[in-house]
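What follows draws every value from the coordinates through simple rules; no lab data is involved. All of these numbers come straight from a predicted model, not from anything done at the bench. Using ideal geometry, Cβ is built from the backbone for each residue, glycine included, and neighbour counts are taken over all protein chains shown.
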Amino acid sequence: MKIGDVSSTTGMYGASTNQKPGGSDSMFNQSVTLAANTPIDLGTFAGKPLEMQIFNGGGYEWSGAIRIQEPASGSQVTPEQAAAAYAAQSYTEAEYSQGQNVTSVVELLYLMNKGTLSTDEVNSLVNQQHNITPSEVTDALTRLGINSNEPFTVNGQKYSYNPENNNFEKAD
């Protein structure tokens with residue numbers, strides 16, 4: 001599969017997700033499984049595929065910020081590296097910022113669920129460090145098949161989201 005060969009339910013890396021395309025309530029299943037080293041298809045953004053992958057060793061990449069291994073001195077950039085760089089550069093500054101925030105929410109959900117970050121730490125990162133807006137949080141949740149107005153499950157753990165204070169909470 002070449003970069004850009006993407007269907008509505010298959011990510012850039014070829015793995016299916018539970019993302020359902022469209023805009024109706026039928027797309028909400030209120031449950032998502034997030035795992036490291038597994039492609040996550042978040043639909044399209046600014047007319048381009050929005051995909052991400054969280055790394056087991058920390059960090060993540062998304063279709064606007066793909067990790068490219070630096071070529072050895074004297075060697076040429078591979079076609080794959082050039083395509084990744086071209087894809088990343090196709091976003092405007094505003095699109096890049098919004099895409100970064102949406103994918104950050106997904107990574108923070110993963111880290112909160114894994115226990116790497118507490119709910120308070122995630123809320124602090126969302127509101128203070130990253131300045132992610134409630135609409136960007138809602139966008140990220142919607143792309144995962146979650147209605148942000150209802151409790152939801154990530155890897156079997158229940159959570160809720162309050163857009164008024166832009167905070168996540170563990171639900172009973």
Practice prompt. For Asn56 and Ala83, compute 0.36 nm times the residue count separating them, minus their Cα-Cα distance, and round to one decimal in nm.
Written response: 7.3 nm
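Residue separation times 0.36 nm, minus the C-alpha to C-alpha distance between Asn37 and Thr116: what's the value? It would help to have the intermediate numbers written out before the result.
Details: separation 79, 0.36 × 79 = 28.44 nm, distance 1.64 nm.
Length difference between fully extended and current span is 26.8 nm.
At 0.36 nm per residue, minus the direct Cα-Cα distance, what do Thr92 and Ser135 gain on full extension? Give it in nm, one decimal, please.
Values: separation 43, 0.36 × 43 = 15.48 nm, distance 1.90 nm.
Taking Thr92 through Ser135 to full extension adds about 13.6 nm, to one decimal.
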Worksheet item: In nm, to one decimal, how far is the Thr153 label point from the Gln100 one, both placed 7 Å along Cα→Cβ?
Response: 3.5 nm
Fill in: Residue order, fewest to most beta carbons within 10 Å, for Glu93, Glu107
Glu93, Glu107
